[in-house]
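The numbers here are math on the coordinates, done by the rules we state, and not lab data. None of the values given here were measured: they were computed from a predicted structure. Neighbour counts are summed over all protein chains in view; Cβ atoms, including those assigned to glycine, are modelled from backbone coordinates with ideal geometry.
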Amino acid sequence: MLKIENLNKSFDGVKALNDFSCVVHENEIVGLIGPNGAGKSTLFNVITGFIESDRGKIEFNGNVITKYPSHKIIKLGISRTFQDLRLIKQMPVLDNILLCFNHQQNEQIQNIIFRPKSISKVEQDNKQKALDLLRYAGIEDKANDLAGTLSYGQQKLLSIICCLAADSKLLLLDEPIAGINPEMRDKILTIISELPLKGKSVILIEHDMDFIMRICNRLIFMDTGTKVSEGIPEEVRNDPKVIEAYLE
Amino acid sequence: MEYILHILILIGIYTILSVSLNLLVGYTGILSIAHAAFYGVGAYVAALMALKLQTPFLLNLFLAIIASGIFGALVGIPSLRLRDDYFVIATFAFQIITFSILNNLVDFTGGPLGLPGIPQPNIFGFEITTHIEFLILVLILAGITFWISNRIVKSPFGRLLKAIREDEVFVRASGRNVSSAKIKVFVIGASLASIAGVIYATYITYIDPTSFTIMESIFIISIVIIGGSANLKGSIVGAAVLIALPELLRFIGLPNSIAANIRQILYGALLVIFMLWRPQGFLGEYKFNK
């Protein structure tokens, strides 16, 4: 479903992505691992159009999205979270989720002025869906709290719920469990592992090898912008090149 | 009595200006200092139409709104790509350009001499001439402006605007076109500001470029900040306070020449005091100095 060919991106001469290619299939969880500065987050930024690539091609479900603006890419069905956790902290949890739904006709000005009834209907439906998602994640009691008042783990969980609200086919999760407690970690692990059953694929950046081994169908190890090793998790973990790179 | 009505009419005009600017500054977090320019576009379009083509008031009002909206798009589309401070500078430039054009296109706008003798509104045969009639007209138009603005900020689009103010990156990641939303709200703000210009021109029956300078823009921003960013009722309170307060100076017996200068000091001092101790203004929810 996602095909990346020879992607290149450099920042002031430093190559963040160097001829990077990979493929993600339907209903699979791909783990993306590698040392800091290997280009993992840059790859997410390039796929979602936050950074423009220098060279290369990204294809998603038959669309060449390399030059698309990010809002167009995201509407096609790619959602992402950020390593530095982004939410609208001054708004209620529910509003954060509502901002992520893909049905945007209720944000059209002509509808707001002339068809308020149709808007409030869509809004009600979305609210219901948002509450269902919160219930699924087990934080429905926080719906009306400001997002900034949630614990760090709950905020990470909320950022994943926001991705679910968009109902994307492909989720790019940047360190979804870094720095959170084991209980929340298991909750997030369950949510992510159920995604392929709902017809979704995931690319996951994570440093926690135990978590990666339990959840991923396939691993890609990257370093200095290139793919060093790829395969089933056991293979990649025992690849001498990977061991060498981590020990360096 | 006429004096009080005059003050109320001014409060109405400035309510339109501050409510429409609050959509940009308070809700979306884009600081435009070109609001007086759009106010001026409205005033000049309506005045020129009425003087040169003798067209009716409602048509002039409509055309002023459209013209100001088009200017809003022309300014907004290139400048909203710029970030924060650079956007402020771009709107500053537009403000200066508008003033220069009004001041120098003498054949068309009368230049510094302005446009005298603007006809008063005639709505379907009903002449609006007295203060009380103007007050009713202002209240109706301010009411419509408030209603539209309120509907926008309470809608999902308003939620989107506030989210843009707080974190653009999050909004981009949720698949929204941030620049298109900003341009839309900028055009709406510009269009609504022109309504105030139309009323002002037909009420005073004389306009010149000095009514639409950068100082005027800053005055409208002060109303928004002191009344409360991201609170539309705050903008009404702000307009009432900032218009009525200097009038009180007259009653403590200051001569007009001193009162005018004290006014400027008062506005400046109030702005500093609010920025330091109450950045959310009287009623606002969004702290402006954040």
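Things to note:
- Complete set of residues in the stretch B:121-155 that are more than 14 Å from every other protein chain (Cβ to nearest Cβ) and of a type in the set (Gly, Ala, Ser): B:GLY125, B:ALA142, B:GLY143
- Against the numbered list (1) without any contact (Cβ under 8 Å) to a residue 60 or more places away in the chain; (2) of a type in the set (A, V, I, L, M); (3) within 14 Å of chain B (Cβ to nearest Cβ), A:VAL23 comes up short only at (3).
- Annotation note: of A:ALA143, A:ALA137, the sole residue that is of a type in the set (Gly, Ala, Ser) and over 18 Å from B:ALA163 (Cβ atoms) is A:ALA137.
- Residue check, A:ASN144 away from chain B (no Cβ under 14 Å) and touching a strand residue (DSSP E or B) at 6+ places or on another chain (Cβ under 7 Å): yes
- Residue that is away from chain B (no Cβ under 14 Å) and either surrounded by fewer than 22 Cβ atoms within 10 Å (Cβ to Cβ) or in contact with a strand residue (DSSP E or B) (Cβ under 9 Å, 6 or more places away or on another chain) (or both), where the choices are A:LEU32, A:LEU85: A:LEU32
- Helices (runs of 4 or more DSSP H) within the stretch A:26-117 that include 1 or more residues over 17 Å from the mean Cα position of the chain (by Cα): A:93-98, A:109-114
The rows are residues; the columns are (1) of a type in the set (A, V, I, L, M, F, W, C); (2) in contact (Cβ under 8 Å) with a residue 24 or more places away in the chain.
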| residue | (1), (2) |
| --- | --- |
| B:PHE212 | yes, yes |
| B:VAL224 | yes, yes |
| B:GLY227 | no, yes |
| B:GLY253 | no, no |
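- Residue within the stretch B:187-194 that is without any contact (Cβ under 8 Å) to a residue 40 or more places away in the chain and within 14 Å of chain A (Cβ to nearest Cβ) present: no
- Put simply, of A:GLU175, A:GLU234 the only residue that is surrounded by fewer than 22 Cβ atoms within 10 Å (Cβ to Cβ), without any contact (Cβ under 8 Å) to a residue 60 or more places away in the chain and of a type in the set (Asp, Glu) is A:GLU234.
- Yes/no for A:ILE188 being within 21 Å of A:GLY39 (Cα to Cα), free of Cβ contacts under 8 Å to residues at least 60 places away in the same chain and touching a Leu at 6+ places or on another chain (Cβ under 8 Å): no
- Number of the condition not met by A:GLU194 [criteria: (1) over 30 Å from A:ASN238 (Cβ atoms); (2) part of a helix (DSSP H, G or I)]: (1)
- Matching residues, the stretch A:215-248, being within 25 Å of the chain's Cα centre (by Cα), outside any strand (DSSP E or B) and among the hydrophobic types (A, V, I, L, M, F, W, C): A:ILE215, A:CYS216, A:ILE232, A:VAL236, A:VAL242
- The single residue among A:GLN155, A:GLN105 that is within 14 Å of another protein chain (Cβ to nearest Cβ) and in contact (Cβ under 8 Å) with a residue 60 or more places away in the chain turns out to be A:GLN155.
- The set of residues from the stretch A:55-82 being more than 7 Å from every other protein chain (Cβ to nearest Cβ), over 18 Å from A:LYS200 (Cβ atoms) and among the small types (Gly, Ala, Ser) comprises just one member, A:GLY56.
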